[in-house]
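The values are calculated or read from the model by the stated rules, or taken from the named source; none is laboratory data. Because the structure is a prediction, the values reported are computed rather than measured. Virtual Cβ from ideal backbone geometry, glycine too; neighbours counted across all protein chains shown.
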Amino acid sequence: MQQELGLWPRVLQWCKEYSLLFAQRADVRSEILKRMCTNVAVVKCMDGRLLVAEAAGAEPGILEVIRTAGGIFNLGWPAFGQYVAEYVRRSQEKGRGNLFLVTYHFSRSGEKFGCRGHGYDTDSGIAAAAKLVEQIRRVYRDGSCPFPVDAILMGIETDHQEFIFHDRDNRRTARMSETPDDLESIRGLIEDLYPDMPVSIRWDLLPFMQGNIRRQGKALDNSNTYREHRERVIVVGHALAAMPGNFAIVISDHEPKIGRSVRIAADIIKGNRAAGRIPEDERLLVIASAAFWEEGAPRFLAEERARTLASFCREAIGELEQVEYRACVIRRSDRRVLPLEDFV
Ligand SMILES: [Zn+2]
């Protein structure tokens, strides 16, 4: 049955199922959020092999995720700066602090399985992430907000979905595969790496680390699935959380040179097809999406945004490829994905 459906109807079906599951898990989510004092955001590369929430054993909908090619961001970019300011403001209004996990990625299998956005140069990925950590800590330094805001540098090894935490000076690292799964050790490690981290943030970083320690050597170590790119879809704007790992390249729309990320993404998928890792005759599916919280003007604005993003993608990719463009909006309260039928 699934074979007969095109990619877009399949994606919509997954989104529908995800939204139902999201509603069913509302109580679990609110219990977890009640215990947390910090909203945790992950800044990462658009690469489809990075499964941060899953690798941390985090409940869907708890982590905020932001993505570009190489995870390269700058707080000075107007759209990104505004987005971060809004995210922090919303958190602070609810009496919560913020933790940004700024990431880079690499593969134990070798350089060529690393980050395309940095030309496979891991040091360049680390340097870009370290720069953003510094920027966030500079802007949200002590006393600039009622509740604490912090940022740390984290590596992701894609074959095993292992997290590597870097200390403040980027001199020492801690691998989760080498960290014992007991609360004392994890607490000690956090204190050692981040002696100046506010206690409330330490408390919320702990389950994230422990989740990844527990994942090591378990179901996610199927390196073959995550060693190589196997993505088939590009999503620009707000992520569609329903899609499985290594299926979509997701690019947030907070960067000024979005066309660069979109072109790299299209190239990666072209490579997947040429290497026979995805169906040879499949058209590239590009989905432009925008999210909204309230009905009325905010929703209509999101519709305009999604349509405009789709045209950016058209300009970036051009007609060189066989491409199917789609646009949709996402209602954040229940994660419903609403396709814009008038857009094809
Ligand atoms: Zn990457």
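Only residues that are in a loop (DSSP other than H, G, I, E, B), within 16 Å of the ligand (Cβ to nearest atom) and surrounded by fewer than 24 Cβ atoms within 10 Å (Cβ to Cβ): list them for region 45-85, please.
49, 51, 72
Kindly indicate whether residue 136 is over 25 Å from residue 245 (Cβ atoms), hydrophobic (A, V, I, L, M, F, W, C) and surrounded by 15 or more Cβ atoms within 10 Å (Cβ to Cβ).
yes
Testing residue 99 on (1) in contact with an Asp or Glu (Cβ under 6 Å, 6 or more places away or on another chain); (2) within 16 Å of the ligand (Cβ to nearest atom), one condition comes back false. Which one is that?
With respect to (1) in contact with an Asp or Glu (Cβ under 6 Å, 6 or more places away or on another chain); (2) within 16 Å of the ligand (Cβ to nearest atom), residue 99 is out only on (2).
Does residue 116 qualify as being basic (Lys, Arg) and in contact with a helix residue (DSSP H, G or I) (Cβ under 8 Å, 6 or more places away or on another chain)?
In short, yes.
Filter the helices (runs of 4 or more DSSP H) completely within region 103-215 down to those with at least 3 residues that are within 16 Å of the ligand (Cβ to nearest atom) and touching a His at 6+ places or on another chain (Cβ under 8 Å).
Output list reads 122-139.
Would you mind stating whether residue 331 is under 21 Å from the mean Cα position of the chain (by Cα), over 19 Å from residue 66 (Cβ atoms) and modelled with pLDDT of 95 or more?
Spelling it out, residue 331 is indeed under 21 Å from the mean Cα position of the chain (by Cα), over 19 Å from residue 66 (Cβ atoms) and modelled with pLDDT of 95 or more.
Here is a check on your reading of the model: is residue 296 at pLDDT below 95 and at positive phi?
Answer is no for this residue.
Please go through region 29-44 and give me each residue that is more than 12 Å from the chain's Cα centre (by Cα) and either without any contact (Cβ under 8 Å) to a residue 40 or more places away in the chain or within 16 Å of the ligand (Cβ to nearest atom) (or both), ordered by number.
Within region 29-44, 29, 30, 31, 32, 33, 34, 35 meet the criteria.
Pairs needed: first member in region 89-117, of a type in the set (A, V, I, L, M); second member anywhere, part of a loop (DSSP other than H, G, I, E, B); C-beta distance under 9 Å; at least 6 residues apart or different chains.
Close Cβ pairs (under 9 Å, with a partner that is part of a loop (DSSP other than H, G, I, E, B)) amount to 99/148; 99/197; 101/63; 102/73.
Considering each residue of region 80-102, count those that are touching a His at 6+ places or on another chain (Cβ under 7 Å) and farther than 15 Å from residue 135 by Cβ, and give that number.
Final tally of qualifying residues: 0.
Per-residue answers, yes or no, for (1) modelled with pLDDT of 95 or more; (2) out of contact with any Asp or Glu (no Cβ under 8 Å at 6 or more places or on another chain):
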site	(1), (2)
189	yes, yes
201	yes, no
249	no, no
254	no, yes
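Go through (1) under 30 Å from residue 34 (Cα atoms); (2) modelled with pLDDT of 95 or more; (3) touching a Phe, Trp or Tyr at 6+ places or on another chain (Cβ under 7 Å) for residue 80 and report which single condition fails.
Result: residue 80 passes all but (2).
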